[in-house]
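Reviewing the structure listed below.
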Amino acid sequence: MRNYFLCIIIFLLAAGCKEEKMEPLTKGGNAPGPVTNVTAEAQPGKVVLKYNIPGEPELLYIKAVYETRPGNKMETIATFYNNSMTLEGFGDTEEREVKLYSVSRSEAASEPVIIKVRPLKPPVQSVFESLDFVGDFGGITATFVNEDSANVAIGVVSRDANGEAVQADMYYTNQEAGEFSVRGFGATEQWFGLYVRDRWLNYSDTVWKQLTPLFEEQLDKKLFRALKLPTDAATFGSGKLENLWNNKIAGGSGSSDTWFRSANGSGIPHWVTFDMGVTAKLSRFSEIPRGAMDEPNLLYSSGDPQLYEIWGTDNYNPDGSFTGWTKLMDCEVVKPSGLPVGVNSNEDLLRAQEGHQFKFPPGLPPVRYLRIKLVQTFGNADYFWMAELTFFGEKQ
């Protein structure tokens, strides 16, 4: 009996539900006349169409139907307020056919106006042609040019023991030019490949190189120790120097063990010093700024370092002077977007979360003790803050 009533309830609910269908704004009526005087301007990966629209009150929009590649049909619509539209998504420079329809409020379409278009070389191809990459510490470093600032993804692949391609990384960008690195590979000769993809799933070819990454290892943070030499800057509150290597980067301002901060009024420049616990030839390091995971308003502003120096020595002077120290690197944090202070793009935030990457120049002496010397913050503050530092190299 219980199942009987359940079936009745389901039947009544189903009977009360009707599929909603989109209806035309009006019903009936004739199809509008076609567009006239159509011109096409080829651009990289797209075509801009201009035309005269028919002067009919029932006209609602102009529709273009085309294929970006064989079998991949696309439609672009422009309202009757416009006399132009942009066709996007082309992955090559082949000529193709476009059909233009005038469509009324009752969805009646005119006879198509057929034109031929040929886009210029799309970004997926031009970026691919600019790609170059070399073996680097723990992997490769790639460079690219993207003159159209298009949203593209650069795929990195390697080969497994059977010679099959394996996805290693995907780098997303709309920068005009740049570089990126992919790490985590051993120092043995192996194959690496790069390709480009756009948001319409157009793919370039893949360029392959056989390269040998340079050896490096992450230095053990458990051996790091804070030093306090006579000329070093004071610490602000409980945001102590040891927080820079405790692998804690999230928690906000209320979690003072997730960031270091020098004291207000430390002046420009000022510095802090620490011991890595081992002597090493440094290859690179990563800096994750304070707020990267939970306080984006702190990024690229206030005490977030923009310009700083890394100094090193194997035997520091206890008086706190720079006698015997070697400047290892000038560091500049660059926002990928290039936007002004206070305005951050998604790419800016992702870069901060991944960590700002810096490579030490070759030929530097092995060091054990390091100094961070602040030169300028994004907010022109006389203090600075960071969340985490990670160093790589070869122990001596």
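Values quoted throughout were computed directly from the atomic coordinates according to the rules given, and no laboratory measurement underlies them. Please read all numbers here as calculations on a predicted model, not as lab measurements. Cβ sites come from the backbone with ideal geometry, for glycine too, and all protein chains shown count toward neighbours.
Calculate how steeply helix 2-16 sits against the longest principal axis of the alpha-carbon atoms of the chain, using the helix alpha-carbon long axis, and give the answer as 0 to 90 degrees to the nearest 10.
Once rounded, one gets 70 degrees.
Can you pull out the GluC sites (Glu not before Pro) in the stretch 46-140 whose DSSP state is coil and whose Cβ has at most 14 other Cβ atoms within 10 Å?
Details: sites: E58, E67, E75, E88, E94, E95, E97, E107, E129; in loops: E58, E88, E94, E95, E107.
Sparse-neighbourhood loop GluC sites (Glu not before Pro): E94, E95.
Once amide H atoms are built 1.01 Å from N in the peptide plane, which residues 5 or more positions from Q43, or in another chain, come under 5 Å H to H?
Residues meeting the amide H criterion: V48, L120.
Residue separation times 0.36 nm, minus the C-alpha to C-alpha distance between T326 and N30: what's the value?
On the way: separation 296, 0.36 × 296 = 106.56 nm, distance 8.22 nm.
So the chain would gain 98.3 nm between T326 and N30.
For R290, which sequence-distant residues (separation of 5 or more, or a different chain) have an amide H within less than 5 Å of its own amide H, given hydrogens modelled in the peptide plane?
M386, A387
For a protection proxy built on the mean count of beta-carbon atoms within 10 angstrom, sort 284-296, 309-321 highest first, please.
284-296, 309-321
Order of R199, R96 from fewest to most other C-beta atoms within 10 Å?
Working: R199 13, R96 17.
Lowest to highest Cβ neighbour count: R199, R96.
Treating only the Cβ of Lys, Arg, Asp and Glu as charged (+1, +1, -1, -1), what charge dipole size does the chain show about its Cα centre? Round to the nearest 20 debye. Write down the numbers at each step before the final one.
Details: 38 positive and 50 negative charges, 126 e Å.
The calculation lands at about 600 debye.
Say the dipole of the chain comes from +1 at the beta carbon of Lys and Arg and -1 at that of Asp and Glu; which of Y66, T39, L349 then lies farthest toward its positive end?
Ranked along the dipole, the leading option is L349.
For the chain, what is the relative contact order in percent, using Cα pairs closer than 8 Å and at least 6 residues apart in sequence? Could the numbers behind the result be given before it?
Values: 940 pairs, mean separation 52.2, N = 396.
Taking the mean separation of contacting Cα pairs over the length of the chain, I get 13 percent.
Divide the volume of the convex hull of the Cα atoms of the chain by its number of residues and quote the answer in cubic angstrom per residue. Spell out each step's value before the answer.
Values: hull volume 102.0 nm³, N = 396.
Looking at the chain, the number lands at 258 Å³ per residue.
Neighbour counts of other C-beta atoms within 10 Å: give me R368, R225 arranged from fewest to most.
Numbers: R368 16, R225 12.
Going from sparsest to densest Cβ surroundings: R225, R368.
Roughly how far apart, in whole Å, are the Cα centres of the stretch 290-354 and the stretch 89-123?
So the separation of the two Cα centres works out to 49 Å.
Compute the relative contact order of the stretch 124-241 as a whole-number percentage, counting only Cα pairs closer than 8 Å that sit 6 or more residues apart in sequence. Spell out each step's value before the answer.
On the way: 216 pairs, mean separation 32.5, N = 118.
For the stretch 124-241, the relative contact order is 28 percent.
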